[in-house]
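The values are calculated or read from the model by the stated rules, or taken from the named source; none is laboratory data. Treat the numbers as computed from the prediction; the structure is a model and nothing was measured. All Cβ positions, glycine included, derive from the backbone under ideal geometry; neighbour counts span all protein chains shown.
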Amino acid sequence: MKAVCCTAYGAPEVLKIAELPKPTIRENEVLIRVHATAVNSGDVRIRKADPWVIRLIFGFSKPRVAVLGGVFSGEVVETGKAVSQFRIGDAVFGSTGMEFGAYAEYKSFKESAAVALKPGSLSHIEAASIPFGAMTALHFIRKANIRPGQKVLIYGASGAVGSAAVQLAKSCGAEVTAVCSVVNKELMKELGADKVINYLQEDLSVNNEQYDVIYEAVNKLSFSKSIKNLKKDGILILGAAGFGRMLRAGLARMTGRKILTGVIKESAEGMSFVKGLIEEGKYRPVLDRVYTLDQISDAHEYVELGHKKGNVGVQVIS
């Protein structure tokens, strides 16, 4: 099969097309033919080993798992003897988690993985754009227990996680304020945001609005500004925090602040929940650009610029 291998940590050029053996499956596993995947900020961080601690977790000189890619949409082509939830021919979408491997024509996964049947209304490229942002945002929004009528501010609302958080918070009945650039104002309104703040023109430090929940999705809003606009008993979500900010969050918790950060948990139930929202018309994919598998380095280069709107898809099978 054709696959993309990460030959070393570094610039997008370290990603090389290779021919690898097609995966074999165990009795509790499923094999899919990958139609589409996506490139997100997490993929870029792994490829660059940024932060450096990634080398201690995933491999010192290069990733131990050569084929990166954490999300996919495709068709089931083989099932193990013990598999009961999926059948050959099923269209599915989901996340590979830390197993990666979605930058390839075939991928195997356990039946219990964060996978669901693909909504019939979506193309494979649209479906592949959903799991990263949706699973990340859903994890924190559920932990924050967002309720109807609460005021929620989402900083970095036009990215993969931010655009998912806007839609999921609205599905909880919250009043949502999205912070992004002016070019994404109409998109935020389409996704359900009640208010949109242009971060280039309006400084949150002079905004006296107080929020029940602030979701910082891009690690660019200072900790002090985040706290300033948070109600005394409010919850701050640091969804993209690095080690330093996680440490500061830990210290702030000692003063009574409610701060959520850390590694997310993905699940089949979560994927099915989002699938239901899609079918109810309460959630839709946000797709910026589409590349081919041969253009994976270009896709990484674009994502690394930090200006993408929603997600960047990769067509594996044309």
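Values for this structure:
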quantity	calculated
Where Ala18 falls short, out of the listed (1) part of a strand (DSSP E or B); (2) in contact with a helix residue (DSSP H, G or I) (Cβ under 9 Å, 6 or more places away or on another chain); (3) farther than 23 Å from Glu126 by Cα	(2)
Test for Ser121: is it out of contact with any Leu (no Cβ under 9 Å at 6 or more places or on another chain) and under 22 Å from Val65 (Cβ atoms)	no
Residue pairs meeting the criteria (Cβ under 7 Å; at least 6 apart or on separate chains; first surrounded by fewer than 22 Cβ atoms within 10 Å (Cβ to Cβ) and aromatic (Phe, Trp, Tyr), in segment 293-318; second part of a strand (DSSP E or B) and at pLDDT 95 or above)	Tyr302/Arg289; Tyr302/Val312
Matching residues, segment 62-79, being buried (at least 17 other Cβ atoms within 10 Å of the Cβ) and either within 13 Å of Glu29 (Cβ to Cβ) or outside the structural domain of Ser112 (by TED's automatic domain parsing) (or both)	Val76, Glu78, Thr79
Only listed residue being within 23 Å of the chain's Cα centre (by Cα) and touching a residue at least 40 places away in the same chain (Cβ under 8 Å), chosen from Ala178, Ala157, Ala174	Ala157
Failed condition for Thr7, given (1) more than 17 Å from Val314 (Cα to Cα); (2) of a type in the set (Val, Ile, Thr); (3) buried (at least 20 other Cβ atoms within 10 Å of the Cβ)	(3)
Val77 being hydrophobic (A, V, I, L, M, F, W, C), in contact (Cβ under 8 Å) with a residue 12 or more places away in the chain, part of a strand (DSSP E or B) and closer than 22 Å to His124 by Cβ	yes
